[in-house]
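Note sheet for the following structure.
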Amino acid sequence: MKVKAKYMKKSLSLELLFLAMCLGCVPGALANSVTGGQTLSANLGPQAKLIVVQPSVPLLHAGATFANFTGGVTVQYKVRTTASGSSTLLVKAASDFSPANGPSIVNLDLTYTCGGATLGSACSGSQTVSTTSQTNVVTVGGGVCTGSGCTGSDPNSVSISLTLVDSPTFKTGTYTTSLMFSISAI
């Protein structure tokens, strides 16, 4: 029995020595490497943004007595539409002129024309500003965008020329209102 135990001990020692030598020669046998993948997706929908360049627009009187007051505002916009979508830039007066007894949006005293739209179609002809409904400034078709690789400039812009009637029936004073621009994209 002693011989057998001695032989088993020697055999086990040799096997462990052989295993240690093999593992020492192949360091990768003890290493583990795992790789994985991940699919990313982003749903880029239609988007629109606008910036009114002038925070305040003075309407100036020039020329003949009771000639119209005029002024201009530039609106910058960025847009991305779907292939079958569109984008519309609109304007509406927040309220009538204040104080009363002067020019009135309700009486159709404030109009505008559009020009120089760098993307899309600017309004055509004279448009009347309203306090109850939005009126068109620019319409952009489907499948367009602003920026590198797109049509137009970055940002796009449109010029709006404002005309305010001057009537001898208006009381003297300073009259104000606010225009609210909005843009949507589908």
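Remark: the stretch 35-42, residue by residue, has Karplus-estimated 3J(HN,Hα) of 10, x, x, 9, 8, 10, 9, 9 Hz, where x stands for each Gly or Pro and the curve is 6.51 cos²θ - 1.76 cosθ + 1.60 at θ = phi - 60°. Considering only Cα atoms, the convex hull volume of the stretch 47-185 works out to 102 Å³ per residue. When the charge dipole of the stretch 47-185 is built from unit charges on Cβ atoms (+1 for Lys and Arg, -1 for Asp and Glu) and taken about the Cα centre, the candidate among SER159, ALA185, VAL138 whose Cα reaches farthest toward its positive end is ALA185.
Here THR81, THR128, THR177 are placed in order of increasing Cβ neighbour count within 10 Å, fewest first, which gives THR128, THR177, THR81.
Taking Cα centre as origin and charging only the Cβ of basic (Lys, Arg, +1) and acidic (Asp, Glu, -1) residues, the dipole magnitude of the stretch 47-185 rounds to 280 debye.
Every number in this text was worked out from the coordinates using simple rules, so none of it is lab data. This one's a predicted model, so the numbers in the text were calculated from it and none came from an experiment. Counting neighbours? That spans all protein chains shown, and the Cβs are built from the backbone with ideal geometry, glycine included.
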